[in-house]
Amino acid sequence: MLPLNRFLKILCILCMSATVHAQTDTIDLHFVSFPKTANPEPLELLIGENETMEVELPTNNISKAYKVPALSKWALGKSSDPDAEEFIFKTYGITPSINSKKQLVLVIRSEKDESNDLELIALDFSQAGFGGGEYLFMNAAKVDIAGVIGDLKFAVKPGKNTLLTPKPTKTRGDREYSYARFFFRNKDTAKGFFSATWRLNEKARSMVFFYHDPNTRQIRLHIIRSFLPGS
């Protein structure tokens, strides 16, 4: 029989090992959806065999963090009624997971109101992967988008995204600003549709969605800013 003090040491080591194992098997998952809508309905995230979790899909801010198992893919949809004879999960959208303990899932809704088809894109939401002062440009339009922000130029195809860290083009006191201008491709020409001077903030990360206005069909943009924890 093991001495009591040795048994307690082994038990402590096992508990610490189990804690570390649990930590490595879970991640923080956030959501944001587009196009923007006043009251986006929550959906269910498949988190295990016959197991789901209801998640909010806001359009004007990033959702809270959901602590979930570190799965190889993320699937959103609706499950069968709890009283049904068998569990059925109807998938609306699915995407591979990525190698990050903090992930953000972009949920791009179909332009057709009656459609439940979703496009999901998983992004690294850690400060190392998407940090303060950075801009994520997501092209949800049907045409190529190009732009200039600060000292940087970029181009992004429909359905693609790019992450940039612009430098300031002017300073007022302790505040830094960067000039931004964007264009869309119209056949073989580039037409400007937006220009502004944006304040840069190293404590905030920004997401910029380019899209076609459903009523006018003109190119618009939608900006979401997320402040770093502790800011």
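Observations
Every residue, every condition in (1) closer than 30 Å to residue 28 by Cβ; (2) assigned by TED's automatic domain parsing to the domain that holds residue 95; (3) of a type outside the set (A, V, I, L, M, F, W, C); (4) touching a helix residue (DSSP H, G or I) at 6+ places or on another chain (Cβ under 9 Å), yes or no:
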{"position": "152", "(1), (2), (3), (4)": "yes, no, no, no"}
{"position": "166", "(1), (2), (3), (4)": "yes, no, yes, no"}
{"position": "173", "(1), (2), (3), (4)": "no, no, yes, no"}
{"position": "184", "(1), (2), (3), (4)": "no, no, no, no"}
{"position": "193", "(1), (2), (3), (4)": "no, no, no, no"}
{"position": "198", "(1), (2), (3), (4)": "yes, no, no, no"}
{"position": "201", "(1), (2), (3), (4)": "yes, no, yes, no"}
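- Some residue of region 156-167 being in a loop (DSSP other than H, G, I, E, B), hydroxyl-bearing (Ser, Thr, Tyr) and surrounded by fewer than 17 Cβ atoms within 10 Å (Cβ to Cβ): yes
- Residue count for region 53-65, restricted to those that are over 13 Å from the mean Cα position of the chain (by Cα) and crowded, with 18+ Cβ neighbours inside 10 Å: 1.
- Residue count for region 175-216, restricted to those that are among the acidic types (Asp, Glu), touching a residue at least 12 places away in the same chain (Cβ under 8 Å) and either within 23 Å of residue 33 (Cβ to Cβ) or surrounded by fewer than 15 Cβ atoms within 10 Å (Cβ to Cβ) (or both): 1
- Residue 147 fulfils the conditions (1) buried (at least 17 other Cβ atoms within 10 Å of the Cβ); (2) part of a loop (DSSP other than H, G, I, E, B) except for a single criterion, (2).
- Evaluating residue 137 against the criteria (1) surrounded by 19 or more Cβ atoms within 10 Å (Cβ to Cβ); (2) within 22 Å of residue 29 (Cβ to Cβ) leaves one unmet condition, (2).
- Hits in region 78-96 - residues which are over 16 Å from residue 122 (Cα atoms) and either in contact with a strand residue (DSSP E or B) (Cβ under 9 Å, 6 or more places away or on another chain) or surrounded by 13 or more Cβ atoms within 10 Å (Cβ to Cβ) (or both): 78, 79, 80, 87, 88, 89, 90, 91
- Answer residue from region 97-116, given it is surrounded by 11 or more Cβ atoms within 10 Å (Cβ to Cβ) and over 13 Å from residue 29 (Cα atoms) and is modelled with the highest pLDDT among those: 108
The values are calculated or read from the model by the stated rules, or taken from the named source; none is laboratory data. Source: prediction; values computed, not measured. Heads up, the Cβs are rebuilt from the backbone with ideal geometry, glycines too, and the neighbour counts pull from every protein chain shown.
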